[in-house]
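The values are calculated or read from the model by the stated rules, or taken from the named source; none is laboratory data. Source: prediction; values computed, not measured. With ideal geometry, Cβ positions are generated from the backbone for all residues, glycine too; neighbour counts draw on all protein chains shown. Heavy atoms of the whole protein, side chains included, go into the accessibility calculation; ligands, DNA and RNA do not. Shrake-Rupley method; radii C 1.70, N 1.55, O 1.52, S 1.80 Å.
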Amino acid sequence: MSEHKLLINGDLISTGEFLDVINPATGEAFIQVPLANAATLERAVAGAKAASLIWAGTSFQERRELLNKIADRISENVEQIAAQLTFEQGKPLAAAIMEVQFAEGFCRHFAGQEIHSEVLQDSDEKRIEIHRKPLGVVAAIAPWNFPFLIAVYKLAPALITGNSIVIKPAPTTPLTAIILGELIADLVPPGLVNILVDNNDLGPILSAHPDVAKVSFTGSTPTGKAIMANAAGTLKRLTLELGGNDAAIVLDDVNPAAAAPGIFGAAFINSGQVCIALKRLYVHDSIYDEMCDELAKLAKAAVVGNGMEEESEFGPVQNYAQYKKVLSYVDDAKANGTIIAGGVAIDSPGYFVPLTIVRDIEDGHRVVDEEPFGPVLPIIRYSDVDEVLSRANRSELGLGASVWSSNPERAHKVAMKMEAGTVWINQHCAFGPDIPFPPAKESGIGVEWGREGLLEFTAMQVINVNKHYAEPEH
Ligand code: NAD
């Protein structure tokens, strides 16, 4: 049984089937939620399709009003949503509160957006106009690292551009998406927003469904490729934000003590479970030892624990499968480098991994070449900037990267040579709803956020008028 309900075609429903949601801090189920099946999916998509036809005819003003009301609901319920977010995802309560507030910010940002038609040419002979129309039904498929934020940052641009949406959260973090549906059920027209909870089985059906016009997916690169293949039959529009193995290059002019806190924060944010976390740190030989010592000091002092306990600064890994995977990267680090922080399993039924730093490790090992998606940071030594650039760019992924230097011009030159959608200078992982977030290489296709991200929820239409057309003379 569950006290919660799925928002499907305007109704809050239960299905008779339930899914356990595990608290990663205890390894035990703390709640059950309703589980959708293929019939629920059909109901959600049909409802979304009907709603999209009506919603497409609404004005930006009407859409803005709805999104601002949704943002108000989020803001009135920050504490309640955040507590459930900590239970299902593991992050410390303060970070959960920030995630919910960030989601509200994304919602308000997109509420304020508007797209106007353009006139490309207007002469005596012709008039050419460019319009942007809604696509129809958007399927939003989300991962488990920022379950509330990602649901909202897909919903808001979809709705402001006149589309409807079916949100499918990750099976290990369905609760806060369900709560979002419950909180806004009385605000949204029937079918406009649907929350579909699955057990990792409905994503392929959604991404092949003929009535879904676009899939906005955030998750792993292998799943992104599966979605692209599934969507090919109906040539759906796709935005794929996939894996990252972000490299950071620290130049020899950096003061390690001054740069370490920023690097540390970017590597271990959300216990490393961030697509744009800093995941490979290349440090110049001349400051390598000092930088390793500074970072190890910070990692050793960090408190990893249950997100509901006030002193916890970092939570557990979100699910058991990922926990085992992260531990395998820790083993790889132990076998091929020198552990200078963490590395020893925490004895607990929860999925806790200590913040782990490995030095004296080279490219070519799994912990460097693959994305651990957990609290494990390899620090790699280099001596030549051109050579380290080619090592950093060797990855098939290219989401983010960063350059650290006290010389802005030097940093900029290096940044321009990095193969990544975003390259930060003297920071990493900074993002916002107004900044486009483009992936490079196998980190995805399309753009989220910013003007460019918004336009991805629309179809361009050209109206081309011949002004010389005249009725034949009688
Ligand atoms: P995942 O790909 O396993 O799952 C993500 C979602 O896809 C889940 O909702 C899942 O149920 C669904 N899914 C699984 N198989 C599917 C299929 N065949 N068709 C359609 N949907 C399917 O990813 P994850 O393990 O939840 O997340 C971790 C990964 O996500 C990491 O690689 C990370 O880098 C990436 N990520 C990327 C971003 C980004 O913005 N680029 C953000 C967060 C996470």
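Per-residue answers, yes or no, for (1) in contact with a strand residue (DSSP E or B) (Cβ under 9 Å, 6 or more places away or on another chain); (2) in contact (Cβ under 8 Å) with a residue 60 or more places away in the chain; (3) near the ligand (Cβ under 9 Å from one of its atoms); (4) open to solvent by 30 Å² or more (accessible area, probe 1.4 Å):
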| position | (1), (2), (3), (4) |
| --- | --- |
| T239 | yes, yes, no, no |
| N255 | no, yes, no, yes |
| Q273 | no, yes, yes, no |
| R280 | yes, yes, no, no |
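Here D201 meets each of (1) away from the ligand (no atom under 14 Å from the Cβ); (2) surrounded by fewer than 24 Cβ atoms within 10 Å (Cβ to Cβ) with one exception, condition (1).
When every residue of the stretch 107-119 is checked against the conditions, at least one turns out to be open to solvent by 40 Å² or more (accessible area, probe 1.4 Å), farther than 20 Å from T173 by Cβ, among the aliphatic types (A, V, I, L, M) and part of a strand (DSSP E or B). Of the residues making up the stretch 251-265, one or more are under 22 Å from P147 (Cβ atoms), touching a Cys at 6+ places or on another chain (Cβ under 9 Å) and in the same structural domain as E396 (by TED's automatic domain parsing). Every condition in (1) more than 25 Å from A259 (Cα to Cα); (2) free of Cβ contacts under 8 Å to residues at least 12 places away in the same chain is met by Q318 except one, and the failing one is (2). Could you go through the stretch 174-197 and let me know if any residue there is within 14 Å of the ligand (Cβ to nearest atom) and open to solvent by 20 Å² or more (accessible area, probe 1.4 Å). No: the stretch 174-197 contains no residue that is within 14 Å of the ligand (Cβ to nearest atom) and open to solvent by 20 Å² or more (accessible area, probe 1.4 Å).
Residue by residue, here is whether (1) within 13 Å of the ligand (Cβ to nearest atom); (2) of a type outside the set (A, V, I, L, M, F, W, C) holds:
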residue: S164; (1), (2): no, yes
residue: L206; (1), (2): yes, no
residue: G219; (1), (2): yes, yes
residue: G233; (1), (2): no, yes
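Among the residues making up the stretch 403-432, a single one is hydroxyl-bearing (S, T, Y), more than 16 Å from the ligand (Cβ to nearest atom) and buried (at least 16 other Cβ atoms within 10 Å of the Cβ): S405.
Note on the stretch 2-25: residues that are open to solvent by 50 Å² or more (accessible area, probe 1.4 Å) and closer than 30 Å to P316 by Cβ amount to 7.
Yes/no matrix, rows are residues, columns are (1) of a type in the set (A, V, I, L, M, F, W, C); (2) under 22 Å from the mean Cα position of the chain (by Cα):
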{"position": "R108", "(1), (2)": "no, yes"}
{"position": "V119", "(1), (2)": "yes, no"}
{"position": "K133", "(1), (2)": "no, no"}
{"position": "A140", "(1), (2)": "yes, yes"}
{"position": "P143", "(1), (2)": "no, yes"}
{"position": "F146", "(1), (2)": "yes, yes"}
{"position": "A156", "(1), (2)": "yes, yes"}
{"position": "I167", "(1), (2)": "yes, yes"}
